[in-house]
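A quick write-up on the structure given underneath.
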Amino acid sequence: MTAWAELHLHLEGTLEPELIYALAERNQIQLPYTGIDDLRSRYDFQDLQSFLDLYYTNMQVLLTEQDFTDLTDAYLARAGQAGIRRAEIFVDLQAHTARGVSAGTVLHGVHRALETSQDRYGISTGLILTFLRHLPAGDAMLAYQQARDTGVPLLGVGLCSSEVGFPAAPFAEVFDRARDDGLHTVAHAGEEGGASYVAEALDVLKVERIDHGVHAIDDPALIERLVAEQIPLTMCPLSNVRLKVVPSLAVHPILTMLNQGAKVTVNSDDPAYFGGYLDDVLAAMHTDLGLSEAARRQLARNSIEASFAPDAEKAALLQLWPAV
Ligand code: HPA
Ligand code: ZN
């Protein structure tokens with residue numbers, strides 16, 4: 001039985017090398033690699049920034065509305081195979097508008113694939129606009145306005161990109177605005193940054209979920225708070241291994257935190273870059289972390305409960321995971 005919600009997924013992180021090359025050809029773009037093998041050889045990351053550099057470079061192949069539809073559709077098809085029934089998808093709009101691609105091109109293109117997702121793949125979806133933390137907060141406000149002006153429905157806003165040295169506080173205004181407009185709020189925190197970054201996202205941005213939050217494990221008082229308030233953590237164990245946030249999957253704290261009572265979920269983050277989609281992540285956790293059937297069920301139920309899906313949809317999905 002599989003019925004999962006994926007809550008931490010960067011659309012641009014699903015751009016597979018084959019699609020990068022297909023789109024480069026379609027759009028007549030010269031890539032800075034000698035070929036697909038050369039590109040693949042660069043997926044050996046030292047840290048978050050070395051990944052982000054490649055991630056932003058590869059996005060240059062995304063130019064037209066059709067490109068964004070094709071990218072989204074490829075993810076949804078693969079997610080359906082992984083047992084995902086609900087996907088809340090991050091889009092880094094500013095990484096595209098900065099290259100001269102309009103907000104409408106990006107969001108209408110993505111939306112076109114999302115509209116048919118339930119019928120084609122059995123996946124309900126929502127779009128989360130993620131602001132880039134390494135850029136000024138004023139740029140985030142502009143991106144928010146541009147996104148709203150497209151008329152494409154948004155589920156929420158988030159915050160991602162380089163973490164350490166980029167405080168969340170300047171983004172409070174755009175997060176308040178989105179919340180006033182009825183949107184949900186999430187933020188990356190505690191990936192490369194320490195536990196204080198998680199507390200800052202909760203206290204200053206008032207987010208409903210924390211994306212990653214691995215370093216919360218270093219602060220027992222914070223863990224106590226996360227457990228007491230049942231604040232969901234959308235964790236991505238394979239991503240953390242690939243970006244050297246943890247030394248290996250075998251020592252990843254996800255199951256320890258689950259056992260402590262934190263509302264932990266499992267996600268793929270950037271599956272084209274980090275070794276696989278949600279089913280691959282779960283398989284690796286089974287092998288390297290001894291993921292039990294009971295823990296797998298709890299992670300699945302947490303993912304549904306932590307989603308922003310309508311209550312009736314959550315209830316229907318939870319019924320697929322009766323308590324053992
Ligand atoms: N962290 C921060 N920003 C990101 C990530 C990540 O893991 N993936 C894509 N953007
Ligand atoms: Zn992420």
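Throughout, read-outs are computed from the coordinates displayed, never taken from laboratory work. Predicted model, so just to flag it, every value in this text is computed and none were measured. All Cβ positions, even for glycine, are placed from backbone atoms using ideal geometry, and neighbour counts span all protein chains on display.
Being among the charged types (D, E, K, R), touching an Asp or Glu at 6+ places or on another chain (Cβ under 7 Å) and within 16 Å of ligand 1 (Cβ to nearest atom) is true for just one of Lys244, Lys314. Which residue is that? Break it down stepwise before answering.
On the way: Lys314 fails: within 16 Å of ligand 1 (Cβ to nearest atom).
Every option except Lys244 fails the conditions.
Counting only residues that are buried (at least 24 other Cβ atoms within 10 Å of the Cβ) and of a type in the set (Ser, Thr, Tyr), give me the helices (runs of 4 or more DSSP H) lying completely in the stretch 157-252 with at least 1 of them. First the steps, then the outcome.
Numbers: elements: 172-180, 195-200, 220-229, 237-242.
Here the list reads 195-200, 237-242.
Taking only pairs six or more apart or across chains, which ones have beta-carbon atoms under 8 Å, a first residue in the stretch 260-276 that is under 29 Å from Val227 (Cβ atoms), and a second residue that is away from ligand 2 (no atom under 13 Å from the Cβ) and basic (Lys, Arg)?
Going by the 8 Å Cβ cut-off, the qualifying pairs are Pro271/Arg78.
List, please: which pairs have Cβ atoms under 7 Å, are six or more places apart or on different chains, and start with a residue in the stretch 16-32 that is without any contact (Cβ under 8 Å) to a residue 24 or more places away in the chain and end with one that is surrounded by fewer than 18 Cβ atoms within 10 Å (Cβ to Cβ) and outside any helix (DSSP H, G or I)?
Note: no pairs meet the criteria.
Residues checked against (1) closer than 19 Å to Cys236 by Cα; (2) surrounded by 15 or more Cβ atoms within 10 Å (Cβ to Cβ):
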| position | (1), (2) |
| --- | --- |
| Val264 | yes, yes |
| Thr287 | yes, no |
| Arg297 | yes, yes |
| Arg301 | yes, yes |
| Leu317 | no, yes |
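Does the stretch 92-142 hold any residues that are among the aliphatic types (A, V, I, L, M) and assigned to a loop (DSSP other than H, G, I, E, B), and which are they? Steps first, please.
Step one: of the stretch 92-142, the residues among the aliphatic types (A, V, I, L, M) are 93, 95, 98, 101, 103, 106-107, 110, 113-114, 123, 127-129, 132, 135, 137, 140-142.
Ala98, Val101, Ile123, Leu135, listed by residue number.
So which of Ala82, Ala98 is away from ligand 1 (no atom under 14 Å from the Cβ), of a type in the set (Gly, Ala, Ser) and over 19 Å from the mean Cα position of the chain (by Cα)? Spell out how you get there, then give the answer.
Working: Ala82 fails: over 19 Å from the mean Cα position of the chain (by Cα).
Within the list Ala82, Ala98, the selection yields Ala98.
Let me confirm something: among Leu54, Leu15, which residue is surrounded by fewer than 20 Cβ atoms within 10 Å (Cβ to Cβ), of a type in the set (A, V, I, L, M, F, W, C), under 18 Å from the mean Cα position of the chain (by Cα) and within 13 Å of ligand 1 (Cβ to nearest atom)?
Values: Leu15 fails: surrounded by fewer than 20 Cβ atoms within 10 Å (Cβ to Cβ).
Just one listed residue meets the conditions, Leu54.
List, please: which pairs have Cβ atoms under 6 Å, are six or more places apart or on different chains, and start with a residue in the stretch 38-56 that is closer than 15 Å to Gly13 by Cα and end with one that is in a loop (DSSP other than H, G, I, E, B) and among the aromatic types (Phe, Trp, Tyr)?
Leu39/Tyr33; Phe51/Phe45
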